Amino acid sequence: MAVTHRDPLLRVNPIACHAHGLCAELLPELIDLDEWGYPVLVDGVRGAVPAPLVDQARAAVAACPTLALRLSYPHRVS
Ligand code: SF4
C-alpha cells in the first residue's frame with residue numbers, strides 16, 4: 001500500500017504498552033506482535049499510515065487500554 005510523506009504516523013509508547021495485543025487485532029495491516037506480545041510496526045521505523053487505513057488506525061488508537069498507541073500528524077499546518 002502506497003504511503004506519502006503527508007500520511008499520519010503511528011507510534012507505540014513501549015513504556016505504557018502492556019502487550020494486550022488489541023492493536024494488532026484491529027490493525028493487522030500495520031502492526032505485528034513480537035514473541036512477547038508487544039506491537040511491532042510492520043514498516044519498522046516510520047509508522048506511516050496510508051490514507052485507506054487511517055480510520056482503522058484511529059479505531060485501534062481509541063481501543064488501546066493504556067493510551068500507548070498514538071497517531072500524530074507532523075506535517076499538518078495549523
Ligand atoms: S493495544 Fe495498546 S497496550 Fe495493547 S499491545 Fe497495542 S499498544 Fe500495547
Legend entry - Count of residues meeting criterion [over 9 Å from the mean Cα position of the chain (by Cα) and either among the aliphatic types (A, V, I, L, M) or buried (at least 17 other Cβ atoms within 10 Å of the Cβ) (or both)] in region 25-37: 2
Inset, instruction - Given the conditions (1) modelled with pLDDT of 95 or more; (2) surrounded by fewer than 12 Cβ atoms within 10 Å (Cβ to Cβ); (3) in a loop (DSSP other than H, G, I, E, B); (4) more than 10 Å from the ligand (Cβ to nearest atom), report the number of the one that R6 does not fulfil. - result: (1)
Inset, instruction - Please state which one of R58, R11 is surrounded by 12 or more Cβ atoms within 10 Å (Cβ to Cβ), of a type outside the set (S, T, N, Q), within 14 Å of S72 (Cβ to Cβ) and at pLDDT 95 or above. - result: R58
Legend entry - Within region 38-55, considering residues that are within 11 Å of the ligand (Cβ to nearest atom) and not in a loop (DSSP other than H, G, I, E, B), the one surrounded by the most Cβ atoms within 10 Å (Cβ to Cβ): P39
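The values are calculated or read from the model by the stated rules, or taken from the named source; none is laboratory data. The model shown is predicted, which means the values in this text are computed figures rather than measured ones. With ideal geometry, Cβ positions are generated from the backbone for all residues, glycine too; neighbour counts draw on all protein chains shown.
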